[in-house]
Amino acid sequence: MDKIFDNLNDSQEAAVKQIDGSLLILAGAGSGKTKTITSRVAYLIANGIPPSSILTLTFTNKAAAEMRHRALSLIENEISFSPLLCTFHKFGLLFLKFHMQKIDRSNAFVIIDTDDKKRIIKSFDIDLPIALVTSEISRFKNNLITPEEAIAGAELLNYKKIANIYKKYEAYITQNNLVDFDDLLALPYRILDENPELCKETSQKYQYIMVDEYQDTNDLQLKLLQKLTSSHRNLCVVGDDDQSIYGWRGANIKNILEFHKQFDDTKVIKLETNYRSTNNILKAANELIEHNRNRHGKKLVGVKGEGKEVEVISSDNETIEASTIARRISRLIDEGVNPRDIAILYRINALSRSIEEGLNKAAISYKMVGGLKFYERAEIKDVISYLRLIANPHDDFSLKRIINKPKRGLGKATIDKLLLGAHEKECSVFHFISQEHDAVKEMTTKKAFTTLETFVSDILKIKESLSESLYNLIDDIEDTFGIKAYYESLPTSLERVLNIEEFYGLFRDFVMQNPEASLDEFLNDISLQSDQDQIEEDAISVMSIHASKGLEFDHLFVIGLEEGFFPLLGDGTDLEEERRLGYVALTRAKKELTLSTSSSRFYKGKRAGLMKSRFLAEAGVIKGSLKIAKSTSSFKKGTLVKHKIFGVGRVIEVSKVKRETKLKINFQGTHKDILASFVEKI
């Protein structure tokens with residue numbers, strides 16, 4: 001038993017010893033959360049709780065494996081089998097293998113991945129973006145909405161279409177005994193809900209349940225936990241409301257904020273001793289997060305001494321910012337710092353381009369963590385393929401990539417015929433389409449033939465205009481092909497569109513700096529940037545803040561601290577979640593933290609002047625308070641507004657919800673309550 005409590009502080013020990021009832025462990029960043037959970041598992045077993053009665057749920061297989069190993073290493077007596085420690089979805093899979101027959105289905109089901117799901121939906125020959133449809137079907141399932149309910153509740157035409165596709169999709173996967181990722185949670189809940197005796201039996205089987213990263217749970221996971229604890233209240237959840245940063249993918253911060261309301265007689269234990277960062281870093285993180293209202297409230301206290309002051313560097317533009325950071329990193333490496341202990345974080349992927357170029361110029365090896373390098377992203381490859389095809393229409397590789405992107409109604413069979421026809425004629429695909437009219441007409445429908453003729457004509461027309469103005473090339477491509485508009489229609493549109501705009505800004509900047517340059521020279525220049533040599537193992541890390549969660553670095557640089565970039569502002573943005581993201585970023589640093597801000601960046605295809613991020617003042621790392629520009633747009637009763645899903649409506653009531661303005665809007669007879677930031681005036 002002594003081994004279990006070795007090196008635990010008083011709060012951790014109290015959390016480990018609290019066995020019965022509902023327990024919320026608020027574990028601040030770097031506070032020894034994993035040690036506490038694993039020690040608690042070991043303590044339960046050491047006190048005679050059968051391992052089969054213990055269920056611990058995590059969010060990643062890696063975390064589950066690490067916790068299992070650490071928990072078992074603390075148990076002195078040999079046990080015949082280990083407690084179930086797995087992800088929510090793995091638990092759902094195991095449950096379905098035993099109980100799928102309860103909904104008249106065989107347990108010999110096959111799990112399909114996202115690509116399989118997309119292929120099935122695509123086979124229905126739909127006229128909506130596949131990504132949008134798959135996203136909405138996932139939303140329906142996680143909200144336990146049946147196809148019939150989705151159809152009954154759909155008001156707009158496109159959503160009626162999606163609801164009907166959902167019905168067709170469900171019929172298909174049921175008939176073929178397939179299970180998708182969302183079913184691994186939705187079906188177990190349905191079975192437990194429809195079978196009270198089984199629900200009671202399952203709850204009694206798992207008498208002690210623990211959940212890691214509870215701030216990342218969604219509504220369905222909460223409902224599942226309520227079923228699993230229906231015969232007892234021995235539920236221990238561990239998490240940090242200040243690190244809830246996944247609202248955009250369904251996580252509900254209310255689960256951790258209102259845990260004490262959902263589970264009776266909850267005991268709350270806070271882990272506030274931070275073993276990771278110096279006090280100056282923690283001071284900035286604490287001051288920043290205290291500006292959030294929706295939080296339990298805690299303050300991290302360090303054990304590593306004061307350390308260096310948090311530094312803020314200001315640059316005139318992103319190129320200077322990148323070169324400044326690259327110089328500092330070179331100096332650190334020259335002083336003997338291991339590159340693996342250095343990282344650069346950003347809020348939006350579009351900012352990585354300038355940093356990557358700065359690191360390349362300084363010959364600093366880097367690796368992108370949890371994401372693609374700028375020039376490897378699909379949307380950037382698409383734009384580059386258009387440029388390459390305009391520069392050389394006989395570039396088959398580029399043509400194949402974008403001939404049906406954006407969608408032009410050209411199916412795979414048609415494209416395969418064109419490729420084969422070009423191969424037989426020993427010419428490029430573009431030449432085949434533009435010159436072999438009879439052959440193309442014979443192998444395609446009338447509509448496809450007309451589409452191909454238009455495509456060829458558009459490419460040639462833009463190519464001819466190159467001699468007049470290279471600078472206007474981007475506008476010509478957008479006006480003709482609407483690449484940005486295509487990506488705006490997808491659920492992940494914000495990041496993708498920002499990346500495209502960053503690339504367009506890069507292109508225009510290149511033309512302004514090199515007025516005599518050709519399109520080929522630009523393409524050659526970015527090829528040198530994107531075809532980087534294989535990264536060595538000892539490389540610095542470059543990543544988004546989301547990808548950095550759970551990691552730590554001795555020397556950390558956070559870039560892009562400007563209004564509109566970090567915090568991100570606009571439709572659908574939750575400022576408190578942005579601030580939590582800032583808190584996560586700051587608490588990744590162990591020894592030195594540098595925050596970077598630029599007074600201008602290329603944004604939406606042009607250079608824009610920027611204000612310093614409010615987070616710098618809120619964290620107390622710059623003096624004074626910042627005046628944040630407030631929207632001058634006021635909404636009154638009778639104002640005509642537009643919503644991206646519900647369309648045009650008229651405001652019938654205006655009220656305040658904390659700092660937000662809430663509107664009651666009449667959309668053609670249907671009244672909806674919507675925050676003002678989600679609509680625009682007409």
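The values are calculated or read from the model by the stated rules, or taken from the named source; none is laboratory data. Please read all numbers here as calculations on a predicted model, not as lab measurements. Neighbour counts run over all protein chains shown; Cβ positions are idealised from the backbone, glycine included. Accessible surface areas use protein heavy atoms only, side chains included; no ligands, DNA or RNA. Shrake-Rupley method; radii C 1.70, N 1.55, O 1.52, S 1.80 Å.
The single condition among (1) crowded, with 19+ Cβ neighbours inside 10 Å; (2) of a type outside the set (Gly, Ala, Ser); (3) outside any helix (DSSP H, G or I) that Glu468 does not meet is (1). Listed here are the strands (runs of 3 or more DSSP E) enclosed by the stretch 265-384 that have at least 3 residues being in contact with a Gly (Cβ under 8 Å, 6 or more places away or on another chain): 267-271. Is it fair to say Lys373 is of a type outside the set (Asp, Glu) and at pLDDT 85 or above? It is false that Lys373 is of a type outside the set (Asp, Glu) and at pLDDT 85 or above. Residues in the stretch 100-118 that are modelled with pLDDT of 85 or more, open to solvent by 40 Å² or more (accessible area, probe 1.4 Å) and more than 15 Å from Asp182 (Cβ to Cβ): Gln101, Lys102, Asp104, Ser106, Asn107. Within the stretch 551-568, none of the residues are in a loop (DSSP other than H, G, I, E, B) and without any contact (Cβ under 8 Å) to a residue 40 or more places away in the chain. Residues in the stretch 638-675 that are within 25 Å of Ala154 (Cβ to Cβ), among the small types (Gly, Ala, Ser) and either modelled with pLDDT under 75 or within 32 Å of the chain's Cα centre (by Cα) (or both): Gly647, Gly649. Tell me, yes or no, whether the stretch 238-246 has at least one residue that is surrounded by fewer than 22 Cβ atoms within 10 Å (Cβ to Cβ), in contact (Cβ under 8 Å) with a residue 12 or more places away in the chain and touching a Leu at 6+ places or on another chain (Cβ under 8 Å). For the stretch 238-246, residues surrounded by fewer than 22 Cβ atoms within 10 Å (Cβ to Cβ), in contact (Cβ under 8 Å) with a residue 12 or more places away in the chain and touching a Leu at 6+ places or on another chain (Cβ under 8 Å): absent.
If the condition is being among the polar types (S, T, N, Q) and open to solvent by less than 10 Å² (accessible area, probe 1.4 Å), then the stretch 397-427 contributes only Ser398.
With farther than 22 Å from Thr324 by Cβ, open to solvent by 30 Å² or more (accessible area, probe 1.4 Å) and free of Cβ contacts under 8 Å to residues at least 60 places away in the same chain as the only criterion, which of Lys361, Lys381 stands out? Only one candidate qualifies: Lys381. Evaluating Tyr366 against the criteria (1) open to solvent by 10 Å² or more (accessible area, probe 1.4 Å); (2) at pLDDT 85 or above; (3) out of contact with any Pro (no Cβ under 7 Å at 6 or more places or on another chain) leaves one unmet condition, (1). Filtering the stretch 150-173 to residues that are closer than 19 Å to Pro129 by Cβ and at pLDDT below 90 leaves Ala154, Leu156, Leu157, Asn158, Tyr159. For the stretch 506-535, taking the residues that are of a type in the set (Ser, Thr, Tyr) and modelled with pLDDT under 80, the one that is farthest from the chain's Cα centre (by Cα) is identified as Ser527.
Filtering the stretch 479-493 to residues that are of a type outside the set (Gly, Ala, Ser), free of Cβ contacts under 8 Å to residues at least 24 places away in the same chain and buried (at least 17 other Cβ atoms within 10 Å of the Cβ) leaves only Lys484. For beta carbons closer than 6 Å, sequence separation of 6+ or different chains, a first residue in the stretch 206-227 that is touching a residue at least 12 places away in the same chain (Cβ under 8 Å) and farther than 17 Å from Gly21 by Cα and a second that is among the small types (Gly, Ala, Ser) and open to solvent by 20 Å² or more (accessible area, probe 1.4 Å), the qualifying pairs are Asn218/Gly250. For beta carbons closer than 7 Å, sequence separation of 6+ or different chains, a first residue in the stretch 38-55 that is under 21 Å from Gln12 (Cα atoms) and a second that is hydroxyl-bearing (Ser, Thr, Tyr), the qualifying pairs are Val41/Thr56; Leu44/Tyr208; Ile49/Tyr208; Ile54/Tyr208; Leu55/Tyr206.
Of all residues in the stretch 570-617, those being open to solvent by 10 Å² or more (accessible area, probe 1.4 Å), in a loop (DSSP other than H, G, I, E, B) and of a type in the set (Lys, Arg) number 1.
Check the stretch 160-171 and report whether any residue there is in contact with a Lys or Arg (Cβ under 8 Å, 6 or more places away or on another chain), among the aliphatic types (A, V, I, L, M) and crowded, with 18+ Cβ neighbours inside 10 Å. Checked against the condition, which is being in contact with a Lys or Arg (Cβ under 8 Å, 6 or more places away or on another chain), among the aliphatic types (A, V, I, L, M) and crowded, with 18+ Cβ neighbours inside 10 Å, the stretch 160-171 yields no hits at all.
Picking from residues in the stretch 174-206 that are among the acidic types (Asp, Glu) and either modelled with pLDDT under 95 or crowded, with 20+ Cβ neighbours inside 10 Å (or both), the one that is farthest from Lys141 (Cα to Cα) is Asp180.
Just name the residue that is farthest from the chain's Cα centre (by Cα) out of those in the stretch 548-563 that are small (Gly, Ala, Ser) and at pLDDT 90 or above.
Kept after step one, since they are small (Gly, Ala, Ser), are these residues of the stretch 548-563: 548, 550, 560.
Of the ones still in play, those that are also at pLDDT 90 or above are 548, 560.
Details: Ser548: 12, Gly560: 18 Å.
Only one residue fits best here, namely Gly560.
Here the condition is being surrounded by 17 or more Cβ atoms within 10 Å (Cβ to Cβ), at pLDDT 90 or above and assigned to a helix (DSSP H, G or I); of Phe430, Phe503, it holds for Phe430 alone.
With respect to the conditions (1) open to solvent by 40 Å² or more (accessible area, probe 1.4 Å); (2) small (Gly, Ala, Ser); (3) in contact (Cβ under 8 Å) with a residue 60 or more places away in the chain, Ala391 falls short on a single one, namely (1).
Is it true that some residue in the stretch 57-76 is modelled with pLDDT of 90 or more and open to solvent by less than 20 Å² (accessible area, probe 1.4 Å)? Yes: one or more hits.
Would you be able to tell me the number of residues in the stretch 247-277 that are surrounded by fewer than 15 Cβ atoms within 10 Å (Cβ to Cβ), more than 15 Å from Ile25 (Cα to Cα) and among the hydrophobic types (A, V, I, L, M, F, W, C)? Summing the residues that are surrounded by fewer than 15 Cβ atoms within 10 Å (Cβ to Cβ), more than 15 Å from Ile25 (Cα to Cα) and among the hydrophobic types (A, V, I, L, M, F, W, C) in the stretch 247-277 gives 1. Inside the stretch 506-523, residues that are touching a helix residue (DSSP H, G or I) at 6+ places or on another chain (Cβ under 9 Å) and either open to solvent by 50 Å² or more (accessible area, probe 1.4 Å) or small (Gly, Ala, Ser) (or both) make up a count of 5.
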